[in-house]
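Colleague: Quick one: the structure is below, questions incoming.
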Amino acid sequence: MTEQASTSMDIHEILNYLPHRYPFVLVDRVLSLELNKEIVAVKNVTINEPFFPGHFPYHPVMPGVLIVEAMAQAAAILSFKTMDTKPNDKSVYYFAGMDNVRFKKPVSPGDQLILKVSIDRVLRGIWKYKGQALVDDVVVAEAEMMCILKAID
């Protein structure tokens, strides 16, 4: 596939490349995408998120696992766009592993999470990525992730 950069994807196009739906869509906009290489996406964190009433009512913090999930969803968009395909009901895009996950600062309502994910390598259908989540140009989380597209039996 030829390399080309896309400057933006809105939520309508994102929903074509993610099998997730509310309340589990964690990517609001794609700022840039370079096929076979990297994606920069946005998750706007609002007090209306369904997890905040329980995490924590007295001091709302976005769960770290959801920050990593947001990076993985950005990675899925990058992969589907790179493969020039879209998710369907005959397959699912699974996490296969996470390494070197670090949470550096809490993410709170009102923050804009910038998700930067790059493809590290693809081998036998397993995609490996490096991801960072930033708020105000400060890294709040980072992870190495592996994902695989599997047929549903």
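The values are calculated or read from the model by the stated rules, or taken from the named source; none is laboratory data. These numbers were taken from a predicted model, which means no experiment stands behind them. Heads up, the Cβs are rebuilt from the backbone with ideal geometry, glycines too, and the neighbour counts pull from every protein chain shown.
Colleague: Which of the residues that make up the stretch 115-139 are charged (D, E, K, R) and either in a strand (DSSP E or B) or modelled with pLDDT of 95 or more (or both)?
Modeller: In the first step, residues of the stretch 115-139 are kept if they are charged (D, E, K, R); the result is 116, 120-121, 124, 128, 130, 136-137.
The answer is LYS116, ASP120, ARG121, LYS128, LYS130, ASP136, ASP137.
Colleague: In this structure, does ILE67 turn out to be hydrophobic (A, V, I, L, M, F, W, C), under 14 Å from ASP111 (Cβ atoms) and either modelled with pLDDT of 95 or more or assigned to a helix (DSSP H, G or I) (or both)?
Modeller: Details: hydrophobic (A, V, I, L, M, F, W, C): yes; under 14 Å from ASP111 (Cβ atoms): yes; either modelled with pLDDT of 95 or more or assigned to a helix (DSSP H, G or I) (or both): yes.
Here the answer is yes, as ILE67 does meet what is asked.
Colleague: How many of the residues in the stretch 83-114 are at pLDDT below 95, assigned to a strand (DSSP E or B) and β-branched (Val, Ile, Thr)?
Modeller: So the count comes out to 1.
Colleague: Can you tell me how many residues in the stretch 140-149 are at pLDDT 95 or above and in contact with a Ser or Thr (Cβ under 8 Å, 6 or more places away or on another chain)?
Modeller: 1
Colleague: Pairs needed: first member in the stretch 101-125, over 16 Å from ILE67 (Cα atoms) and free of Cβ contacts under 8 Å to residues at least 12 places away in the same chain; second member anywhere, small (Gly, Ala, Ser) and outside any strand (DSSP E or B); C-beta distance under 9 Å; at least 6 residues apart or different chains.
Modeller: From the stretch 101-125, the pairs are VAL122/SER79.
Each row is one residue, and each column tells you yes or no for (1) of a type in the set (S, T, N, Q); (2) more than 14 Å from the chain's Cα centre (by Cα).
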position	(1), (2)
TYR22	no, yes
VAL30	no, no
GLU34	no, yes
LYS37	no, yes
LYS43	no, no
ASN48	yes, yes
HIS55	no, yes
HIS59	no, yes
VAL68	no, no
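Colleague: Go through ASP136, ASP99, ASP153 for me and flag whichever is on the phi > 0 side of the Ramachandran plot and surrounded by fewer than 13 Cβ atoms within 10 Å (Cβ to Cβ).
Modeller: Details: ASP99 fails: on the phi > 0 side of the Ramachandran plot; ASP153 fails: on the phi > 0 side of the Ramachandran plot.
None of the others qualify; the one that does is ASP136.
Colleague: Residue under question is HIS20, and the condition is that it be without any contact (Cβ under 8 Å) to a residue 12 or more places away in the chain and not basic (Lys, Arg); does it hold? Step through it out loud before you land on a result.
Modeller: Numbers: without any contact (Cβ under 8 Å) to a residue 12 or more places away in the chain: no; not basic (Lys, Arg): yes.
So HIS20 does not fit the description; no.
Colleague: Output the residues belonging to the stretch 76-94 that are surrounded by 13 or more Cβ atoms within 10 Å (Cβ to Cβ) and farther than 18 Å from ARG21 by Cβ.
Modeller: The answer is LEU78, SER79, LYS81, THR82, MET83.
Colleague: For the subset of the stretch 48-71 comprising residues that are more than 15 Å from PHE24 (Cα to Cα) and not aromatic (Phe, Trp, Tyr), which member is surrounded by the most Cβ atoms within 10 Å (Cβ to Cβ)? Steps first, please.
Modeller: Taking the stretch 48-71 as the starting set, the residues that turn out to be more than 15 Å from PHE24 (Cα to Cα) are 53-61.
Among the residues that remain, those that are also not aromatic (Phe, Trp, Tyr) are: 53-55, 57, 59-61.
Working: PRO53: 10, GLY54: 9, HIS55: 14, PRO57: 8, HIS59: 8, PRO60: 19, VAL61: 14.
Once the filter is applied, the top-ranked residue is PRO60.
Colleague: Exactly one condition in (1) outside any loop (DSSP other than H, G, I, E, B); (2) charged (D, E, K, R); (3) crowded, with 16+ Cβ neighbours inside 10 Å is not met by GLU13; state its number.
Modeller: All conditions pass for GLU13, except number (3).
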